[in-house]
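These notes are about the structure you will find just below.
The values are calculated or read from the model by the stated rules, or taken from the named source; none is laboratory data. Remember, predicted model here, so these are calculated numbers, not experimental data. Cβ placement follows ideal geometry from the backbone for every residue including glycine, while neighbour counts extend to all protein chains displayed.
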Amino acid sequence: MTELRFNPLSGRWVTVAGERMSRPSDFVPRRLPVEAEPNRPCPFCPGHEEDTPPALESYGPKGGWQVRVVPNLYPAFAGAGSLVATDHGPLHRSAPARGIHEVLVLSPHHRLSWADLSDAQAGLVMAAIRDRIEDHAHHAGLEYTQVILNHGREAGASIEHPHGQLLGIPFVPGELDDELGHCARFATDNGGEGLLQAVVREEQERGERVVVDDGRIVALCPYWSGSPYELLIVPKRPVAHLDRAAPADLAACGRVLRDVLSRLRALLGDIAYNLVFHTAPHRADPEFCWHVHVLPKTTTAAGFEQGTGVRINVVPPERAAQQLLDIAD
Ligand SMILES: [Zn+2]
Ligand SMILES: [Zn+2]
């Protein structure tokens with residue numbers, strides 16, 4: 001049984017997932033290569049479709065698939081309905097962790113990552129993300145959909161086959177709530193200009209931290225980067241909801257992600273990373289623009305960083321951007 005519990009000290013929800021603990025891979029030492037059960041065939045490879053629940057979506061030619069979306073066998077969020085919190089006294093607030101937890105298989109190829117996808121495949125992956133977010137938006141009770149991709153064990157991946165995850169959840173999480181608040185305040189203070197659009201404009205003028213600008217999508221190392229080689233992927237035309245973005249912008253986002261991930265790999269080797277897709281909450285219309293965070297796992301957040309939320313970044317983003325630019329195409 002997965003349960004939400006409210007942390008009154010931080011003001012944020014946590015998920016306590018007892019059943020997920022039984023996953024064989026959960027406490028495997030993080031230095032081992034990713035492969036949950038080496039003796040079991042990969043459930044995401046073609047020919048093993050019966051090892052996963054039936055696909056929710058399948059993309060590609062008939063008789064084969066290029067991208068698949070399947071329910072997660074070990075969902076952190078499951079069941080229909082909205083957030084219903086119960087107070088067990090003044091400190092203990094809980095709620096059933098209702099929602100949707102899906103797996104997005106990026107490609108039929110076991111050893112390829114997003115850094116290897118063709119233009120067409122990267123576009124298909126982004127189209128699948130858009131379609132699933134759009135679907136989640138129609139589920140009453142779901143407030144927000146978090147799309148993530150974990151690459152490498154240090155980043156939390158337990159199966160090597162390249163895949164992302166979509167989590168439709170019954171509340172707006174603290175991290176996104178903070179971003180929404182900052183974007184609203186920035187627009188109010190700056191004549192209505194969106195925060196991320198101001199970032200793109202400013203960084204294009206300065207030219208120090210932009211890594212890719214393909215006309216539709218910009219990838220840059222943010223001025224405020226808290227960790228080495230962190231990147232922000234932003235569309236030039238602001239749209240709050242990722243699932244309402246122009247198809248050409250989504251396709252461009254898939255290509256630009258491929259380009260920066262392949263540059264990161266050329267520079268640093270096959271390091272672990274997380275991709276975090278931020279989009280506006282369902283059925284809300286905030287001052288916001290969808291975007292993607294690329295967070296390479298080059299360092300571990302130590303005590304000071306965990307205690308304060310203040311990151312110590314040993315690679316200035318100007319240098320990171322220059323190094324990524326210097327990688328030949
Ligand atoms: Zn596989
Ligand atoms: Zn964000």
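Among the residues of the stretch 126-161, those that are more than 13 Å from the chain's Cα centre (by Cα) and either aliphatic (A, V, I, L, M) or within 16 Å of ligand 1 (Cβ to nearest atom) (or both) comprise ALA127, ALA128, ALA137, ALA140, LEU142, GLY152, ARG153, SER158, ILE159, GLU160, HIS161.
With respect to the conditions (1) within 16 Å of ligand 1 (Cβ to nearest atom); (2) modelled with pLDDT of 95 or more, PRO8 falls short on a single one, namely (1).
Confirm whether VAL125 is in contact with a Phe, Trp or Tyr (Cβ under 8 Å, 6 or more places away or on another chain) and either of a type in the set (Val, Ile, Thr) or surrounded by 17 or more Cβ atoms within 10 Å (Cβ to Cβ) (or both). Here the answer is yes, as VAL125 does meet what is asked.
Kindly indicate the residue of the stretch 199-222 that is part of a helix (DSSP H, G or I) and within 15 Å of ligand 2 (Cβ to nearest atom) and also farthest from ALA95 (Cα to Cα) among those meeting that condition.
Start the filter on the stretch 199-222 by keeping residues that are part of a helix (DSSP H, G or I), which leaves 199-206.
Narrowing further to those that are within 15 Å of ligand 2 (Cβ to nearest atom): 199-200.
Values: VAL199: 38, VAL200: 39 Å.
Taking the candidates together, the pick is VAL200.
In this structure, is GLY168 out of contact with any Lys or Arg (no Cβ under 6 Å at 6 or more places or on another chain), touching a residue at least 40 places away in the same chain (Cβ under 8 Å), of a type in the set (Gly, Ala, Ser) and closer than 19 Å to TRP13 by Cβ? Taking the combined requirement at face value, the residue satisfies it. Look at (1) assigned to a loop (DSSP other than H, G, I, E, B); (2) over 29 Å from HIS110 (Cβ atoms) and you find that SER158 fails only one, number (2). For the stretch 193-212, residues that are closer than 13 Å to LEU324 by Cβ and of a type outside the set (Val, Ile, Thr) total 2.
For LEU176, are the conditions met, namely being part of a strand (DSSP E or B), under 25 Å from GLY79 (Cα atoms) and not small (Gly, Ala, Ser)?
Details: part of a strand (DSSP E or B): no; under 25 Å from GLY79 (Cα atoms): yes; not small (Gly, Ala, Ser): yes.
When the stated conditions are applied, LEU176 does not pass them.
Figure legend. Inter-residue proximity from the stretch 71-93: first residues of a type in the set (Val, Ile, Thr), second residues at pLDDT 95 or above, beta-carbon distance below 9 Å, spacing 6+ or different chains. Indicated pairs: VAL84/ALA95; VAL84/PRO96; VAL84/ARG98; VAL84/PRO170; THR86/HIS92; THR86/ARG93; THR86/SER94; THR86/ALA95. Mind checking which residues of the stretch 176-187 are near ligand 2 (Cβ under 10 Å from one of its atoms) and in contact (Cβ under 8 Å) with a residue 40 or more places away in the chain? Those that are near ligand 2 (Cβ under 10 Å from one of its atoms) and in contact (Cβ under 8 Å) with a residue 40 or more places away in the chain: LEU176, GLU179, LEU180, CYS183.
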